[in-house]
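Okay, structure first, notes after.
The values are calculated or read from the model by the stated rules, or taken from the named source; none is laboratory data. Treat the numbers as computed from the prediction; the structure is a model and nothing was measured. Glycine gets a Cβ as well: all are built from the backbone with ideal geometry, and neighbour counts include every protein chain shown. Side chains are part of the model used for accessible areas, which takes the heavy atoms of the whole protein and leaves out ligands, DNA and RNA. Shrake-Rupley method; radii C 1.70, N 1.55, O 1.52, S 1.80 Å.
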Amino acid sequence: MGFLVFAGLLGFNTIVVKFPFYGTNPGRLERLGGISVESFSSDTVTAYVNQDGLSRLISLGLSPQVIIPDITAHTKGLFDKGVYHTYEQVISIMTDSAAAHPNICKLDTIGLSVEGRLILAWRITDNPLSEEPEPEVRVMGNIHGDEVIGCEVPLYFGLHLLRNYGSDPVITRLVDSAEIWIVPMMNPDGHYHGYRENAHGVDLNRDAGYYWDGWGGSSSPFGEKESQVFFAHALTNEPAMEWVYHSAAWYVNYPWDYSPIDPPDSGLIRSLCEIYADSDYMQVVTNGYDWYQVCGSVQDAGEGLVGGYFITIETGQPSNGSDQIDSICARSTKALRGLISRAGWGAWGTVRDSLTGAPLMARVEFTPDRISVFTDSALGDYHKLLSPGTYTLRFCAQGHRPKEVSGVTVPPSGSVRVDADLAPDPDYNYGFRVIYITYTEDNDWNPDIRSRTWRTLGAPDGVYQSLGSQGEIVIDMGLDSAIVDDETNPDFRVYEGDASPESYSVYVSDDWRGDWVSCGTGTGSQDFEIPGSGGVYRYIRVVSAATQNTDSLAGFDLDAVRSYRRIGGAATQEAGSRLGAFSVSPSRGGLWLEIALPKAAPVSLSVYDATGRLALSEEMGVLSPGHHRVFVELGRGVWFLRVKAESETRTLKAAIVE
Ligand SMILES: [Ca+2]
Ligand SMILES: [Ca+2]
Ligand SMILES: [Ca+2]
Ligand SMILES: [Ca+2]
Ligand SMILES: [Zn+2]
């Protein structure tokens with residue numbers, strides 16, 4: 001059934017009609033006005049019409065037969081009857097409902113599937129067109145295409161928010177205080193065809209990059225388009241909490257899926273899972289590994305790489321039309337209502353440059369040991385769910401001196417705010433964030449080694465992560481600390497953390513999805529050169545050599561990586577530099593780039609989004625000495641502009657909010 005896609009095209013009260021037609025081109029009927037042809041067979045046309053279009057068809061003697069008198073009411077009715085919606089219906093419901101609630105909802109296409117279907121998200125919050133320092137929550141489903149109840153629950157919950165905002169005080173508070181992303185159909189090809197995997201036959205819940213091991217047909221960590229979409233969305237928005245809906249059993253399933261060892265915040269994780277299970281009487285709490293081991297799951301990647309509170313919910317999947325569909329949706333909604341406000345509990349704040357006040361892309365580390373979180377770089381805000389107690393927070397940003405704040409007391413309910421201003425330090429250019437790590441059996445069982453990927457970040461400190469035989473890791477240096485090829489000096493350094501040197505290979509790339517440029521092999525701590533000339537790279541990949549050793553410290557013991565040269569920084573810091581000044585000022589629909597050159601120079605511009613994806617690239621030719629002002633058309637979001645003038649490269653950051 002495809003005819004709900006264009007519902008609303010003709011305004012309110014759109015009618016669906018069917019009539020006999022023997023011509024060759026029914027499309028020309030549309031020229032009459034008020035008619036939109038949906039489909040036709042050899043003798044019948046199905047069309048959307050408004051009242052005028054209907055009258056015209058009648059006056060032409062085509063005898064239209066009304067099959068749906070009011071498609072808006074029909075769509076709503078369909079939802080309330082507890083059926084599994086088709087791909088087209090989900091798209092239609094999401095499009096229409098976003099349009100009907102513009103004050104609290106924005107529809108976003110966060111990506112496309114392998115076969116080009118839409119991966120849509122609702123961004124539900126007050127002021128949905130603005131960035132605000134609010135905790136973000138993602139409710140996602142249908143990673144397994146045939147688990148269609150996993151699509152219905154997020155959709156139902158999203159509609160519950162939209163329809164009850166303003167009248168239900170709990171919902172109003174939720175929507176006002178958080179940014180809630182609803183992604184009902186993460187695997188639209190699987191949903192459309194009715195199979196578990198994506199269109200490449202890969203199980204997307206084995207394709208994510210936290211201790212990835214090539215299960216489920218996955219050929220590389222985040223190798224599939226859909227996985228790249230949800231991970232890039234997480235990197236841009238840094239959700240503090242995520243609920244992922246599946247159907248195979250009745251479980252509230254918490255990380256890890258890959259390992260029997262509980263994550264560092266397991267006390268808090270389990271207590272929130274128990275609250276969920278108390279709210280939905282069907283549910284039982286389990287550790288993912290205890291149920292069955294999986295490598296490359298979505299929740300492990302969220303917990304391990306984003307630092308959020310990521311939970312998988314398994315529900316039963318009743319047959320289509322069963323009233324059980326609605327009752328599962330309603331029970332899940334009740335549980336989510338009670339838990340989502342807690343995304344703002346714990347610690348939060350903003351991280352800024354102490355000189356310019358510019359928001360920073362920063363990592364926040366915790367003692368006692370908790371998984372690090374990252375700021376949303378548009379405003380520099382971070383949000384970490386923590387159990388009550390006293391913590392030390394450590395803030396790290398590229399090109400800045402780290403700062404520690406101790407004695408932070410997290411209250412039993414609500415949050416504590418800790419802001420940090422970091423002083424510039426051009427020499428601080430160490431690994432910023434882990435993008436993926438692979439699983440090896442060697443050191444699987446050792447709790448001191450596994451799930452401690454952040455030991456590879458920041459300055460060398462003798463604390464390391466063993467990669468295992470042929471294990472590998474990808475580290476994001478952040479844009480401000482990208483590795484720049486220098487013809488005469490080494491470009492970056494890899495540090496091993498223990499006293500017995502082991503061998504490894506190193507690669508760099510400007511995209512975490514590859515392609516990788518080999519920088520050769522090393523043994524122990526060592527400097528590296530980028531081959532060729534003039535390259536600028538953001539990501540480093542370290543691959544341990546095969547080793548005879550199979551103990552818990554097998555493989556290369558990665559302590560830290562360092563970029564030797566700093567590019568970019570705030571525009572004000574560039575004022576005195578050799579090739580003049582560069583600055584950006586955001587405007588409606590784009591930004592102004594200002595370039596002041598002391599002498600003529602060839603200038604080129606590349607624009608990247610916050611996940612490092614190249615959005616725009618332009619050769620501007622040789623610019624004359626003096627002042628130049630160029631408008632760059634860009635959409636809302638955080639952008640990084642890399643300006644190259646002769647051999648100098650600068651990176652500038654800008655946030656466009658409208
Ligand atoms: Ca908001
Ligand atoms: Ca945000
Ligand atoms: Ca070693
Ligand atoms: Ca270290
Ligand atoms: Zn599943």
Has region 165-179 got at least one residue that is in contact (Cβ under 8 Å) with a residue 12 or more places away in the chain, open to solvent by 50 Å² or more (accessible area, probe 1.4 Å) and within 16 Å of ligand 5 (Cβ to nearest atom)?
no
Matching option when the condition is surrounded by fewer than 14 Cβ atoms within 10 Å (Cβ to Cβ), part of a loop (DSSP other than H, G, I, E, B) and either within 16 Å of ligand 2 (Cβ to nearest atom) or at pLDDT below 95 (or both), among G534, G514
G534
For the structure I just gave you, tell me whether D257 is in contact with a helix residue (DSSP H, G or I) (Cβ under 9 Å, 6 or more places away or on another chain) and without any contact (Cβ under 8 Å) to a residue 24 or more places away in the chain.
no
What are the pairs, 6+ residues apart or on separate chains, where a residue within region 490-503 that is within 10 Å of T523 (Cβ to Cβ) has its Cβ under 9 Å from a residue that is near ligand 3 (Cβ under 6 Å from one of its atoms) and in a loop (DSSP other than H, G, I, E, B)?
E496/E502
What is the number of the single condition among (1) outside the structural domain of V306 (by TED's automatic domain parsing); (2) in contact with a helix residue (DSSP H, G or I) (Cβ under 6 Å, 6 or more places away or on another chain); (3) within 16 Å of ligand 5 (Cβ to nearest atom) that Y84 does not meet?
(2)
Criterion violated by S266 - all others in (1) at pLDDT 90 or above; (2) surrounded by fewer than 22 Cβ atoms within 10 Å (Cβ to Cβ) satisfied:
(1)
Members of region 390-414 found to be more than 24 Å from the chain's Cα centre (by Cα) and touching a residue at least 60 places away in the same chain (Cβ under 8 Å), listed by number:
G399, V408, V410, S413, G414
As an exercise: evaluate S322 against (1) open to solvent by less than 50 Å² (accessible area, probe 1.4 Å); (2) touching a helix residue (DSSP H, G or I) at 6+ places or on another chain (Cβ under 9 Å) and give the number of the one condition it does not meet.
(2)
Kindly indicate the residue of region 494-511 that is in a strand (DSSP E or B) and within 13 Å of ligand 3 (Cβ to nearest atom) and also most open to solvent (accessible area, probe 1.4 Å) among those meeting that condition.
S503
Number of positions in region 124-141 that are more than 16 Å from ligand 5 (Cβ to nearest atom) and either open to solvent by 10 Å² or more (accessible area, probe 1.4 Å) or under 27 Å from H193 (Cα atoms) (or both):
10
Report, by residue number, each residue of region 517-531 that is part of a loop (DSSP other than H, G, I, E, B), within 16 Å of ligand 3 (Cβ to nearest atom) and open to solvent by 40 Å² or more (accessible area, probe 1.4 Å).
S525
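Can you find a residue that is assigned to a helix (DSSP H, G or I), within 24 Å of G111 (Cβ to Cβ) and modelled with pLDDT of 95 or more anywhere in region 160-174? Walk me through how you get there before you give the answer.
Initially, region 160-174 is screened for residues assigned to a helix (DSSP H, G or I), giving 160-164, 169-174.
Adding the requirement that they be within 24 Å of G111 (Cβ to Cβ) leaves 161-162.
This time we only want the ones that are modelled with pLDDT of 95 or more, so: 161-162.
Looking through region 160-174, at least one residue is assigned to a helix (DSSP H, G or I), within 24 Å of G111 (Cβ to Cβ) and modelled with pLDDT of 95 or more.
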Answer with yes or no whether H200 is in contact with an Asp or Glu (Cβ under 8 Å, 6 or more places away or on another chain) and surrounded by 21 or more Cβ atoms within 10 Å (Cβ to Cβ).
no
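Is at least one residue of region 504-522 within 16 Å of ligand 4 (Cβ to nearest atom) and farther than 21 Å from S372 by Cα? Can you show your working first?
Narrowing region 504-522 to residues within 16 Å of ligand 4 (Cβ to nearest atom): 504.
From the residues that got through so far, the ones that are farther than 21 Å from S372 by Cα too are 504.
Checked region 504-522: at least one residue is within 16 Å of ligand 4 (Cβ to nearest atom) and farther than 21 Å from S372 by Cα.
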Sort through V632, V622, V607 and tell me the only one that's touching a Gly at 6+ places or on another chain (Cβ under 9 Å) and either farther than 30 Å from T521 by Cα or modelled with pLDDT of 75 or more (or both).
V632
Take the residues in region 288-312 that are of a type in the set (A, V, I, L, M, F, W, C) and more than 19 Å from the chain's Cα centre (by Cα), then tell me which one is most open to solvent (accessible area, probe 1.4 Å).
W291
Would you be able to say whether some residue in region 160-171 is away from ligand 4 (no atom under 16 Å from the Cβ), within 24 Å of T315 (Cβ to Cβ) and touching a strand residue (DSSP E or B) at 6+ places or on another chain (Cβ under 7 Å)?
yes
If you take the residues of region 204-237 that are open to solvent by 10 Å² or more (accessible area, probe 1.4 Å) and acidic (D, E), which of them is nearest to ligand 4 (Cβ to nearest atom)?
D213
In this structure, does V114 turn out to be at pLDDT 95 or above, closer than 28 Å to V351 by Cα and away from ligand 1 (no atom under 15 Å from the Cβ)?
no
